[in-house]
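What follows is a single structure, written as structure tokens, with notes after it.
The values are calculated or read from the model by the stated rules, or taken from the named source; none is laboratory data. Keep in mind the model is a prediction, meaning the values are calculated, not measured. Counting neighbours? That spans all protein chains shown, and the Cβs are built from the backbone with ideal geometry, glycine included. Just the protein is used for accessible areas: all its heavy atoms, side chains included, with ligands, DNA and RNA removed. Shrake-Rupley method; radii C 1.70, N 1.55, O 1.52, S 1.80 Å.
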Amino acid sequence: MASLRFHALKESISYKSKTFVEAGRRSELFGTNVFNESTMRQYLTRDAFRGVMSAIEDGSKINRSVADQVASSMKDWALSKGVTHYTHWFQPLTGTTAEKHDAFFETTENGNAIEKFGGSQLVQQEPDASSFPSGGIRNTFEARGYTAWDPTSPAFIYETTLCIPTIFVAYTGEALDYKTPLLRALHAVDDAATDVCRYFDKNVKKVTSSMGWEQEYFLVDKNLVACRPDVTLTGRTLLGHSSAKGQQLDDHYFGSIPNRALNFMRDLENQCMLLGIPAKTRHNEVAPNQFEIAPIYEEANLSVDHNSLLMDVMGRVASRHNLKVLLHEKPFANMNGSGKHNNWSLSTDTGVNLLKPGKTPMSNLQFLTFFVNTIKAVYENEELLRATVASASNDHRLGANEAPPAIMSIFIGEQLTKVLHDLEGVTKGKLSPQEKTDLKLNVVGKIPDVLLDNTDRNRTSPFAFTGNKFEFRAVGSMANCGNPMTVLNTIVAKQLKDFKVEVDALVDGKNFKKDEAIFNILREYIKSSRDILFEGNGYGEEWEKEAKKRGLSNNKTTPEALKAKIAKSTVALFEDMKVMSKIEVEARYEIEMEAYIKHIQIESRVLGDVARNHIVPTAVKYQNILIDNVKGLKEIFGKDYEDLAKEQLKLIRAISGHVEGINGKVTKMIGERKQANALADVAKKAEAYCEKVKPFLDDIRYHCDKLELLVDDELWPLTKYREMLFIR
Ligand code: ADP
Ligand code: MG
């Protein structure tokens with residue numbers, strides 16, 4: 001094994017990075033492989049074009065003849081670009097993307113062949129998808145799953161395959177993917193927000209949820225990963241002693257991008273351009289070999305698709321540069337982990353960003369309405385929101401003193417804190433003309449359209465207002481954004497719906513003027529959700545204590561956090577907003593708990609194997625060398641050897657101690673795993689894995705890492721931290 005490590009090191013040191021040459025101007029390349037509006041204009045008949053556009057804009061159904069026309073044009077376009085296959089492209093609850101390629105090629109009766117693609121293949125497919133997680137939905141109903149075209153996310157070509165974004169549902173209608181509930185949530189927030197907007201502007205017909213993600217990742221030489229079974233199988237290092245130099249000097253963050261990484265980024269961004277992913281920003285992150293890519297924001301459904309697609313494309317592009325992308329939230333201990341900030345906002349079809357302060361008192365009242373309602377929504381659903389970012393891998397970040405804590409709170413900055421404070425003082429009931437004028441001039445009117453303290457300074461907040469959007473920072477780097485985006489949009493939709501009911505009750509029932517009613521309701525919201533606002537250091541212990549006093553949840557592990565997903569209130573929320581049924585909610589809970597169990601189970605098996613079959617034999621081999629040395633010294637020096645071999649003897653004992661530690665703990669861990677596996681209840685099993693099995697991972701690692709420092713480097717089989725983090 002050690003020879004494999006040295007071979008890998010040699011390969012990676014001698015690797016010559018290929019300079020990636022961009023094929024042209026990005027603005028010209030952008031969207032070339034996307035069946036977007038301009039391509040559709042070119043390829044579709046007028047009828048077909050209108051049909052698709054109205055499906056995109058107002059969700060109307062596409063009839064059979066339009067579908068046939070669209071399919072035929074898509075095929076012509078794809079063939080003109082050398083495409084041979086098509087696939088429905090979807091996001092099952094495994095968290096990755098799924099595809100099954102079919103050739104356009106068909107044989108004809110006379111023994112010839114043609115390229116064929118009809119409306120029925122475009123609109124619906126029945127992948128043999130019985131192996132995707134369904135949380136029991138399909139077992140219960142003995143129904144199969146099918147995929148159905150989502151015209152709001154345009155088809156695209158990746159290499160030689162035409163990919164058609166689809167939803168994935170059971171025949172009985174239940175969602176089996178991330179996209180279906182997201183689309184329902186986006187619909188719900190559109191309805192609710194449009195209604196509220198119409199208090200301010202009767203012309204608003206549609207509100208769109210926008211999202212811009214920031215994706216963090218690590219790049220490690222492929223050869224170096226290949227001799228790490230832990231990284232290969234689990235995406236993270238389950239053992240490995242810290243490098244003497246890590247990120248202490250802060251010399252990587254925003255530093256000049258290493259050559260090979262830059263070539264990878266150029267290549268990746270080139271793919272992004274072709275695929276219509278509007279990649280905009282790239283930079284080094286805090287940890288060595290950690291980087292970030294961020295696009296320009298887009299409509300939320302499209303943005304979620306683009307992030308899922310990106311994660312897939314990243315892996316393939318990296319391979320061309322002899323690199324491996326690690327999207328795991330914590331690939332290296334004692335090193336910054338990776339997250340994925342989800343920047344979120346709402347905007348109208350009249351071009352107004354509802355979370356951007358305006359220039360007039362009226363537009364600022366609209367801003368405040370959406371701002372305060374979002375705060376209230378997060379306050380009321382903080383535990384559910386926390387649950388949407390729960391996973392075995394993200395547990396290493398949340399609450400681990402380096403990323404946002406497992407406690408949800410909102411940072412809004414000094415200026416807006418003051419505005420909310422002033423609004424709390426609004427008189428109850430009807431307002432005097434003097435107070436109204438005063439409010440408009442001195443409170444609402446004074447919200448600057450550029451927030452100068454730009455509110456973004458507090459990087460420890462999991463949910464921060466950053467001037468014209470909220471930034472949900474607790475999302476895991478590996479996560480499918482569909483999950484948090486579904487919940488965020490649903491809770492805001494529900495909140496806006498309730499808000500409208502309350503305002504209408506004052507206007508219709510109590511003869512309040514509209515703005516009076518809004519001020520009154522907002523005042524109550526600010527008072528009741530004050531506890532979610534926190535401007536201090538979210539990583540500190542003080543905050544944990546304070547949050548507890550405020551009654552905020554602090555669910556540090558996934559099994560604990562996920563319970564909020566099946567709370568009665570959650571089921572009621574999703575049913576009320578028509579986003580998910582009880583069955584769908586419960587199925588997801590089950591799937592996520594199962595995923596948690598499996599992840600810990602795999603990590604535990606891998607570590608058991610590596611510790612026993614790689615580390616222990618290596619340690620024993622080195623110990624034997626030491627023993628030979630001691631024997632030799634004894635032979636030469638007689639009884640003086642004891643003094644001369646003092647250190648060797650200590651080492652021999654130390655090694656034995658760690659070997660014993662490893663073997664004993666691996667045996668115990670296997671025992672705990674057996675007991676956990678025997679539990680039938682998924683929650684109990686997940687808890688057992690969390691509380692009984694998982695602690696062994698750190699315990700066993702401790703001995704392995706100690707041995708790494710004792711054993712001759714020449715014998716050590718696994719690539720070391722310093723090699724994975726600093727070879728570029
Ligand atoms: P940072 O958070 O690193 O300081 P920025 O604040 O400039 O960076 O932007 C981060 C992300 O926010 C980008 O992906 C950007 O597209 C996104 N973003 C900007 N405006 C909006 C918006 N109105 N809705 C959603 N996302 C947005
Ligand atoms: Mg950010």
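Just for the range 173-185: of the residues that are under 18 Å from the mean Cα position of the chain (by Cα) and open to solvent by 20 Å² or more (accessible area, probe 1.4 Å), which one is farthest from Gly482 (Cα to Cα)?
Leu183
Within the range 23-46, identify whether any single residue is free of Cβ contacts under 8 Å to residues at least 24 places away in the same chain, in a loop (DSSP other than H, G, I, E, B) and either under 29 Å from Lys205 (Cα atoms) or open to solvent by less than 40 Å² (accessible area, probe 1.4 Å) (or both), and answer yes or no.
The answer is yes; a qualifying residue exists.
Rundown of residues vs (1) over 30 Å from Glu414 (Cβ atoms); (2) open to solvent by less than 50 Å² (accessible area, probe 1.4 Å); (3) more than 16 Å from ligand 1 (Cβ to nearest atom); (4) of a type in the set (Gly, Ala, Ser), yes/no style:
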{"position": "Phe465", "(1), (2), (3), (4)": "no, yes, no, no"}
{"position": "Phe470", "(1), (2), (3), (4)": "no, yes, no, no"}
{"position": "Met485", "(1), (2), (3), (4)": "no, yes, no, no"}
{"position": "Asp504", "(1), (2), (3), (4)": "yes, yes, yes, no"}
{"position": "Val507", "(1), (2), (3), (4)": "yes, yes, yes, no"}
{"position": "Lys514", "(1), (2), (3), (4)": "no, no, yes, no"}
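Only residues that are among the charged types (D, E, K, R), closer than 28 Å to Glu542 by Cβ and modelled with pLDDT under 90: list them for the range 442-474, please.
Asp453, Asp456, Arg457, Arg459
Restricting the search to the range 317-347, which residues are more than 16 Å from ligand 2 (Cβ to nearest atom) and either of a type in the set (Ser, Thr, Tyr) or in contact with a Pro (Cβ under 6 Å, 6 or more places away or on another chain) (or both)?
At the first step, the residues of the range 317-347 found to be more than 16 Å from ligand 2 (Cβ to nearest atom) are 317-335, 346-347.
Hits for the range 317-347 are Ser319, Ser347.
For the range 310-362: of the residues being of a type outside the set (Gly, Ala, Ser) and at positive phi, which is surrounded by the most Cβ atoms within 10 Å (Cβ to Cβ)?
The qualifying residue surrounded by the most Cβ atoms within 10 Å (Cβ to Cβ) is Asn322.
For the range 703-717, what are the residues that are out of contact with any His (no Cβ under 9 Å at 6 or more places or on another chain) and loosely packed, with under 14 Cβ neighbours inside 10 Å? If you could, list the steps in order and put the result at the bottom.
Residues of the range 703-717 that are out of contact with any His (no Cβ under 9 Å at 6 or more places or on another chain), as a first pass: 711-716.
Asp712, Asp713, Glu714, listed by residue number.
Collect the residues in the range 623-652 that are out of contact with any Phe, Trp or Tyr (no Cβ under 9 Å at 6 or more places or on another chain) and touching a residue at least 40 places away in the same chain (Cβ under 8 Å), keeping them in residue-number order.
Within the range 623-652, just Ile625 meets the criteria.
Quick one: Ser65 ticks every box in (1) open to solvent by 40 Å² or more (accessible area, probe 1.4 Å); (2) among the polar types (S, T, N, Q); (3) not in a helix (DSSP H, G or I) except a single one, so which number is it?
For Ser65, the failing item is (3).
Okay, residues lined up against (1) at pLDDT 95 or above; (2) of a type in the set (Val, Ile, Thr):
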site	(1), (2)
Gly358	no, no
Asn364	no, no
Phe371	yes, no
Thr388	yes, yes
Ser393	yes, no
Asn401	no, no
Ser409	yes, no
Gly413	no, no
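Tell me which helices (runs of 4 or more DSSP H) are completely within the range 514-593 and hold 2 or more residues being at pLDDT below 95 and of a type outside the set (Phe, Trp, Tyr), or say none if there are none. Spell out how you get there, then give the answer.
Values: elements: 514-529, 541-550, 558-562, 568-576.
Ranges flagged: 514-529, 541-550.
Pairs under 7 Å by beta carbon, first residue within 15 Å of Leu238 (Cα to Cα) in the range 717-728, partner among the hydroxyl-bearing types (Ser, Thr, Tyr) and buried (at least 20 other Cβ atoms within 10 Å of the Cβ), six or more apart or different chains?
Between residues of the range 717-728 that are within 15 Å of Leu238 (Cα to Cα) and residues that are among the hydroxyl-bearing types (Ser, Thr, Tyr) and buried (at least 20 other Cβ atoms within 10 Å of the Cβ), the close pairs are Pro717/Thr618.
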